Amino acid sequence: MDPVGPLRLGVNIDHVATVRNARGVVHPDPIRAANLAEAAGADGITAHLREDRRHISDGDIDRLMTELTLPLNLEMAATDEMLEIALRHKPHAVCLVPERREERTTEGGLEVARDENRLAHFIAPLAEAGCRVSIFVAADRPQIEAARRIGANVVELHTGAYCDFHAADRVDECRAELARLTEMAAFAFDLGLEVHAGHGLAYETVGPVAALPQVVELNIGHFLVGEAIFRGLEDSIAEMRRLMDAARS
Ligand code: PXP
């Protein structure tokens, strides 16, 4: 199958803010990183406003909305506070993610199937406000079906398990997780959903995910910001872009 569309790169700038917040100062500035990301070939910027504001702040979202030329994908938990913020800003896209205060990062996909009614109340007003709504899910059929039922436009498939197995050299489990992602990308696309993917992707793991023909957007952050320490942010992003394009062709 040919790719269903060009593959976009959304650069997640959360961890530029993590470094800034470690000192409680203004440097490094995540909005400067967003501008560099655009120059390096990013198609969009992703930022997760967490309940505890551990990285991205409300002020960052204000500035991203006024200073950024690329589309903003706001990741957020499905809470009333976040809904009010999203409806005030009306970003290009909103990605609903699970959030637990004690977690280090977004550990799994959203439990959509058991929470359909509540989540539907978040999707409707966001869609009415013109936001493209995506839901971050594991590569799991019932979750994808539920996302479709409650009116999401997009599912973002969680690639964290695939990347973790790869890093631990657990080859069979890594292959099995990639097979699941492959199958569920096709399943979601056939249901009429746009398919994105992300979490934990690095140079070594991006190729097989970028090659999935139904996937039209990857959101990548932690690896790119880490790699920027060694080769600079623009170069770290440009290399990711190159690997994505090579896998796609
Ligand atoms: N996609 C979603 C929905 C996420 O929550 C995250 C992490 O914030 C990412 C992608 C990016 O993950 P990473 O920072 O590991 O590349």
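The values are calculated or read from the model by the stated rules, or taken from the named source; none is laboratory data. No experiment lies behind these values; they were computed from the predicted model shown. Please note: Cβ atoms are built from the backbone with ideal geometry, for glycine as well, and neighbour counts cover all protein chains shown. For the accessible areas, the whole protein counts, side chains as well, though only heavy atoms, and no ligand, DNA or RNA atoms are used. Shrake-Rupley method; radii C 1.70, N 1.55, O 1.52, S 1.80 Å.
A few notes on this one:
- A186 being touching a residue at least 24 places away in the same chain (Cβ under 8 Å) and open to solvent by less than 20 Å² (accessible area, probe 1.4 Å): no
- Within the stretch 35-63, residues that are free of Cβ contacts under 8 Å to residues at least 12 places away in the same chain reach no partner that is of a type in the set (V, I, T) and surrounded by 19 or more Cβ atoms within 10 Å (Cβ to Cβ) with beta carbons closer than 7 Å at six or more positions or on different chains.
- Taking every residue in the stretch 169-181 that is open to solvent by less than 50 Å² (accessible area, probe 1.4 Å) and pairing it with any residue that is among the aliphatic types (A, V, I, L, M), at least 6 positions away or on another chain, the pairs with Cβ-Cβ distances below 6 Å are E177/A161; L181/A139; L181/L157.
- Of all the listed residues (A152, A167, A139, A210), the sole one being closer than 21 Å to H15 by Cβ and within 15 Å of the ligand (Cβ to nearest atom) is A167.
- Residues in the stretch 49-61 include at least one that is open to solvent by less than 40 Å² (accessible area, probe 1.4 Å) and closer than 30 Å to R141 by Cα.
- One residue alone among V209, V225, V215 is out of contact with any His (no Cβ under 9 Å at 6 or more places or on another chain) and β-branched (V, I, T), and that residue is V209.
- Filtered residues of the stretch 212-233 (kept if surrounded by fewer than 17 Cβ atoms within 10 Å (Cβ to Cβ) and of a type outside the set (K, R)): H222, G226, I229, F230, G232
- Any hit, the stretch 78-87, residues being of a type in the set (S, T, Y) and either more than 20 Å from E217 (Cβ to Cβ) or within 18 Å of the chain's Cα centre (by Cα) (or both): yes
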